[in-house]
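Since the structure comes first, as C-alpha cells, the remarks are kept for the end.
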Amino acid sequence: MKSQQQHVSEDDPQTIVALNSRASKSVNGGENSDAIPVDLIFEILLKLPTKSIARCRCVSKLWSSILLRTDFTELFLTRSTSPPQLLFSCPNNNDELFLFTAPQVQNPDQNSCLVSRSYHTKPPFDCSPRICGCVGGLVCLIYLRNLEGGKEIVPMICKPSTGRQAALPLPALKTTEFHVISFFVYETIGKLFKVLSMIWPRHGIEGNFMVDDRPSGISTIVCFDVRSETFRFVKKDIAMCTDSTLVNYEGRLGALQSDEGNERAIGEDTRLELWVLVDTEKNEWSKNVYALPPLWKNIVPTAELYLVGLTSTNDIVLSQRYPSTIFNIFYYNLERHTIIKVEIQGMDVYFYNYHRVRTYLNV
C-alpha cells in the first residue's frame, strides 16, 4: 500500500500506465490486460471544460496524479479552445468582493451583448481585497488585515471558475508608515507563479508603475525580470503622461493615453496615443497617433472611460469605471479605426451597492 502511494506521486508516463493497468478491473473482478496509453488519456481529458477537470481530480489519486502533471497542464493551456476572458471586480459596502467574467471578443466587427458569469468571493478578513494580477485563470488578491499599531498584508489566490481560494505561503508584511503595491506574474521557463511586493514611504513615490523624477519632470518605468528577479529602469519620453496604461504591443512595451494626456478618455477626445519602446538601451520611444472616428462622440457615454489595455488583435479596450445601470465595454481597433460597443449583461443588479468596477484583460 505504501509503495503504491509513492508511485502515484511520480511524474513518469510508464508509472501512470502501470497504475492504470492495475486500477482497471473487468466486470468479473479480473484485471484488464491492456492499459489505456497516457497520450490517449490526455486526448480524452483535453476535451473537458475547466470546471470538469477540477472535479475529476477528486475521483481518485490516480486521476489526480494525471491531471496535476506538468505536461498535461501545458497541453490543456495550449490547446484550450476557450477564448480569453474579461474579469470585472466589484467591491461592495460590506467589504465583500464580487467577480464577473465574460468572453473577451476577438476581432469585434459590430455592436453586441454578452452575458457575464458571477462569482462571490467571501473575504476571510474584515476588509475589502485588492486585485494585484490575473494569470492563467488565477487571481491574486491582497488583503490588508488590521493589527494593533499597523496593518498586515495577506496575499491569497482565487480561481473564479471554481470559487476556491487559498492563502499564499508567503511571509506576512507588516506596515505602518508605508505603502505597498503587489504584482502577480508567471515565469514561463521555470513554470512558477510569483508575487512581487514593493514597499515605499507614504510620500516617497507617485504612481503605481513609475518613479517621478521631479527635477527633470521625466517619469521612469521600473522593469522587473521575472526569471532573474532583477530590476532595471526605462525613462519615459517627456511628452508622455505619468499615469498612462502600460500594454504589450506586438512583443514590445507600449503606453496608451488619451489626447488629454492620461489614462481616461471622454466623448470630447479626438485621438488616442500609443507610445512604443523601440530601443531599450537608448530609451527611445515612437509615438503613434490614432484619430477617433466621428461615431466616437455618439457611442461613448458622458462618463469617463478608462484605457484598460490592448488585446492580441490590436484592439484598445476601454471600460466604464462607475456605471449606473448599463455596463459597456468599448473596442477601438488600431488598423480599422472602428469603435465597437459591447454591453455586459447580468451585472446591473449589483451596481446600486458598489463603488466602482475594474476591468482586467486576458484572464
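If you plug the beta carbon distance of Ser118 and Glu281 into 1/(1 + (r/R0)^6) with R0 = 35 Å, you get a FRET efficiency near 0.15.
Placing pseudo-labels 7 Å out from each Cα toward the beta carbon at Asp109 and Asn92 gives an inter-label distance of 4.1 nm.
The ranking of Ser197, Ser244 from fewest to most other beta carbons within 10 Å of each one's beta carbon is Ser197, Ser244. Fully extending the segment from Phe231 to Arg164, taken as 0.36 nm per residue of separation minus the present Cα-Cα distance, adds 20.8 nm.
Extension gain Ala239-Met198, at 0.36 nm per residue separation less the Cα-Cα distance, in nm?
On the way: separation 41, 0.36 × 41 = 14.76 nm, distance 2.69 nm.
Stretched out fully, the Ala239 to Met198 stretch lengthens by 12.1 nm.
For Ile299 and Arg358, the FRET efficiency from 1/(1 + (r/R0)^6), where r spans their Cβ atoms and R0 equals 35 Å, is about 0.95. Annotation: the residues Asp109, Asp259, Asp315, sorted from fewest to most other C-beta atoms within 10 Å of their own C-beta, follow the order Asp109, Asp259, Asp315. Working from label points 7 Å from Cα in the Cα-to-Cβ sense, the Asn146 to Val59 distance is 4.8 nm. With neighbours defined as other Cβ atoms within 10 Å of a residue's Cβ, the residues Asp279, Asp348 order from fewest to most as Asp279, Asp348.
No lab work stands behind these numbers, since they all come straight from the coordinates. All values derive from a computational prediction rather than experimental measurement. Methodologically, a virtual Cβ is constructed for each residue, glycine included, from the backbone with ideal geometry; neighbour enumeration extends over all protein chains shown.
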